[in-house]
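**Q** There's a structure below that I have some questions on.
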Amino acid sequence: MVCVGIDVAKDKHDCCILDSEGTTLVDCFTIPNNMDGFKSLLQTIQDCSQKSDKIKVGLEATGHYSYNILGFLLDNDLPVYVMNPLHTNLYRKSLSLRKTKTDRVDAKTIATMLLSDVDLKSYTDTAYHNEELKSLTRYRFDKVQERAKLKQSVSRLVTILFPELEQLVSSIHGTSIYALLREYPGAKQISEAHLTRLANILVKTSRGHYRKDKATHIRDAARTSIGSVMPAKSLELKHTIKLIQELTSEINEIEDAIRKIMDELKPPILSIPGMGFHSAAMILAEVGDFSNFNSPDKVLAYAGCSPSTYQSGKLTNCYAHMEKRGSRYLRYALYTATKYVCYWNPVFTEYLTKKQAEGKHYNVALSHATKKLVRLIYALQKSGKAYLAVT
């Protein structure tokens, strides 16, 4: 066996090659993060191995820094093992009591881990190409979060400029109200606007939901409004609405790209009543290849939803907090999906009600339902069968 440990960085990668006895075949060496460096690494590996040798290449999951070298190694048919940095850090500390951490030491630690009996599974092409879906779902998540903050700013500005408006419409974040505020960003501007113009904006953008009488009510309220006249805030409101509309357009484009991938995958979990399209996409993106997990509990642990365990002596009043390690995106997607599944799926509704009847807080009961949902998702993805076929 030939084990190659790679410590990934932005501009260079430190490598170490060991044989099956733990003997150093090539002491730690550094390659640049470019094609010449990659080819040099491949040549070094080939020089140290024979056709009969089993090769293992290990590196840490370091986000975008490891993506290019990972693709190169997979393209050259080398089995790659992507490790959790937390795992390698703990393993390195177990080898020595000295506080020694360098890139060269990390490279050798990774190679040593490949030799040990640590339960590792090779990174697959499926997981690598799944990065496309992961990039899109995380990008969408960040864009939605950004838009939510901007909507909070709109609410704050409307409270200053025209506080009565919220009582007159179902939501100030509707398309028609945004169109109105973008042209007339404040009670003063609306009060001085021509009624016909106001009515045309509302009727056209709301597709007939708001009519001339609504425009009249809004203008009358604006004329008696306690809202402040602040040109700077009005300008901020116009620009914020413009940013929200641009973000919405970008999010729609991202969702179209996600939908194309999901249409190709046709995942069984979409057959679960209440499972949303976006939650399903994020769950698949974050988990990747389900064959890498031996059980649903491993998926739950990867999401950081497992309870932490603490016991010391006779201490018995330990409260098991959620670990909250691993993928925060997966954790978010699972909890969001669970809420909707518990609403639309009678089996999960009954289960959630049962846990609450036992005296558990809603969030605790929901965490139990999440565990149940993870078991179902795992079963569906492993079997390839739809929900109705399983039940």
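The values are calculated or read from the model by the stated rules, or taken from the named source; none is laboratory data. All figures in this text were calculated on a predicted structure; none of them were measured in a lab. Every residue, glycine as well, gets a Cβ built from its backbone with ideal geometry; the counts of neighbours run over all protein chains shown. What goes into the accessible areas is simple: the full protein's heavy atoms, side chains included, and nothing from ligands, DNA or RNA. Shrake-Rupley method; radii C 1.70, N 1.55, O 1.52, S 1.80 Å.
**Q** Assess whether ASN89 counts as being part of a helix (DSSP H, G or I), of a type outside the set (D, E, K, R), under 15 Å from LYS12 (Cβ atoms) and open to solvent by 20 Å² or more (accessible area, probe 1.4 Å). Break it down stepwise before answering.
**A** On the way: part of a helix (DSSP H, G or I): yes; of a type outside the set (D, E, K, R): yes; under 15 Å from LYS12 (Cβ atoms): no; open to solvent by 20 Å² or more (accessible area, probe 1.4 Å): yes.
Here the answer is no, as ASN89 does not meet what is asked.
**Q** Could you tell me which of the residues GLN381, GLN356 is under 20 Å from CYS305 (Cα atoms) and more than 21 Å from the chain's Cα centre (by Cα)? Don't jump to the end; show me each part of the working.
**A** Details: GLN381 fails: more than 21 Å from the chain's Cα centre (by Cα).
Going through GLN381, GLN356 in turn, just one is under 20 Å from CYS305 (Cα atoms) and more than 21 Å from the chain's Cα centre (by Cα): GLN356.
**Q** List every residue pair whose Cβ atoms lie under 7 Å apart, where the two residues are 6 or more positions apart in sequence or sit on different chains, the first residue falls within region 172-198 and is in a helix (DSSP H, G or I), and the second residue, located anywhere, is open to solvent by 70 Å² or more (accessible area, probe 1.4 Å).
**A** Correct list of pairs: ARG182/LYS238; ARG182/LYS242; LYS188/VAL229; SER191/ARG223.
**Q** To continue, here is another question. Go over the candidates ILE218, ILE241, ILE254 one by one and state the one that is under 23 Å from the mean Cα position of the chain (by Cα) and not charged (D, E, K, R).
**A** On the way: ILE218 fails: under 23 Å from the mean Cα position of the chain (by Cα); ILE241 fails: under 23 Å from the mean Cα position of the chain (by Cα).
Result: ILE254 is the single residue among ILE218, ILE241, ILE254 that is under 23 Å from the mean Cα position of the chain (by Cα) and not charged (D, E, K, R).
**Q** State yes or no: is ASP14 outside the structural domain of ASN292 (by the TED database), assigned to a strand (DSSP E or B) and farther than 26 Å from SER135 by Cβ? Break it down stepwise before answering.
**A** Details: outside the structural domain of ASN292 (by the TED database): yes; assigned to a strand (DSSP E or B): yes; farther than 26 Å from SER135 by Cβ: yes.
Yes: the conditions hold for ASP14.
**Q** Tell me, which helices (runs of 4 or more DSSP H) lie completely within region 207-307 with 3 or more residues that are modelled with pLDDT of 90 or more and small (Gly, Ala, Ser)? Full working, then the answer.
**A** Working: elements: 212-223, 231-265, 277-287, 296-302.
Per the criteria, 212-223, 231-265, 277-287.
**Q** I want to confirm something. Restricting to region 24-53 and keeping residues that are assigned to a loop (DSSP other than H, G, I, E, B) and within 24 Å of PRO85 (Cα to Cα), which single residue is nearest to the chain's Cα centre (by Cα)?
**A** Restricting attention to region 24-53, the residues satisfying the condition of being assigned to a loop (DSSP other than H, G, I, E, B) are 33-34, 49-53.
If we keep only those that are within 24 Å of PRO85 (Cα to Cα) too, we end up with 33-34.
Values: ASN33: 27, ASN34: 29 Å.
In this case the residue turns out to be ASN33.
**Q** Restricting region 324-341 to residues that are surrounded by 15 or more Cβ atoms within 10 Å (Cβ to Cβ) and not in a helix (DSSP H, G or I), which is modelled with the highest pLDDT?
**A** Taking region 324-341 as the starting set, the residues that turn out to be surrounded by 15 or more Cβ atoms within 10 Å (Cβ to Cβ) are 325-327, 329-341.
Now drop any that are not not in a helix (DSSP H, G or I), which leaves 325-327.
Working: ARG325: 62, GLY326: 66, SER327: 79.
Filtering first and then ranking leaves SER327.
**Q** Determine whether region 342-357 contains at least one residue that is assigned to a loop (DSSP other than H, G, I, E, B) and on the phi < 0 side of the Ramachandran plot. Talk me through it step by step, then tell me what you get.
**A** The initial filter retains those residues of region 342-357 that are assigned to a loop (DSSP other than H, G, I, E, B), namely 345.
Now drop any that are not on the phi < 0 side of the Ramachandran plot, which leaves 345.
Yes, that holds for at least one residue.
**Q** From the list ILE31, ILE55, which residue is in contact with a His (Cβ under 6 Å, 6 or more places away or on another chain) and either surrounded by 14 or more Cβ atoms within 10 Å (Cβ to Cβ) or at pLDDT 85 or above (or both)? Let's see the steps before the verdict.
**A** Values: ILE55 fails: in contact with a His (Cβ under 6 Å, 6 or more places away or on another chain).
Answer to the selection: ILE31.
**Q** Is one or more of the residues making up region 69-87 at pLDDT 85 or above and among the small types (Gly, Ala, Ser)?
**A** Scanning region 69-87, I find at least one residue that is at pLDDT 85 or above and among the small types (Gly, Ala, Ser), so the answer is yes.
Yes/no per residue for (1) closer than 25 Å to TYR178 by Cβ; (2) open to solvent by 50 Å² or more (accessible area, probe 1.4 Å); (3) of a type in the set (Val, Ile, Thr):
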{"position": "GLU250", "(1), (2), (3)": "yes, yes, no"}
{"position": "ILE261", "(1), (2), (3)": "no, no, yes"}
{"position": "LYS266", "(1), (2), (3)": "no, yes, no"}
{"position": "HIS278", "(1), (2), (3)": "yes, yes, no"}
{"position": "GLU286", "(1), (2), (3)": "no, no, no"}
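Residue-by-condition table, conditions (1) open to solvent by 50 Å² or more (accessible area, probe 1.4 Å); (2) more than 28 Å from the chain's Cα centre (by Cα); (3) more than 30 Å from GLU253 (Cα to Cα); (4) not acidic (Asp, Glu):
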{"position": "LYS149", "(1), (2), (3), (4)": "yes, no, no, yes"}
{"position": "PRO163", "(1), (2), (3), (4)": "no, yes, yes, yes"}
{"position": "THR175", "(1), (2), (3), (4)": "yes, no, no, yes"}
{"position": "LEU181", "(1), (2), (3), (4)": "no, yes, no, yes"}
{"position": "GLY186", "(1), (2), (3), (4)": "no, yes, yes, yes"}
{"position": "HIS194", "(1), (2), (3), (4)": "yes, yes, yes, yes"}
{"position": "LEU202", "(1), (2), (3), (4)": "no, yes, no, yes"}
{"position": "ASP213", "(1), (2), (3), (4)": "yes, yes, yes, no"}
{"position": "ALA222", "(1), (2), (3), (4)": "no, yes, yes, yes"}
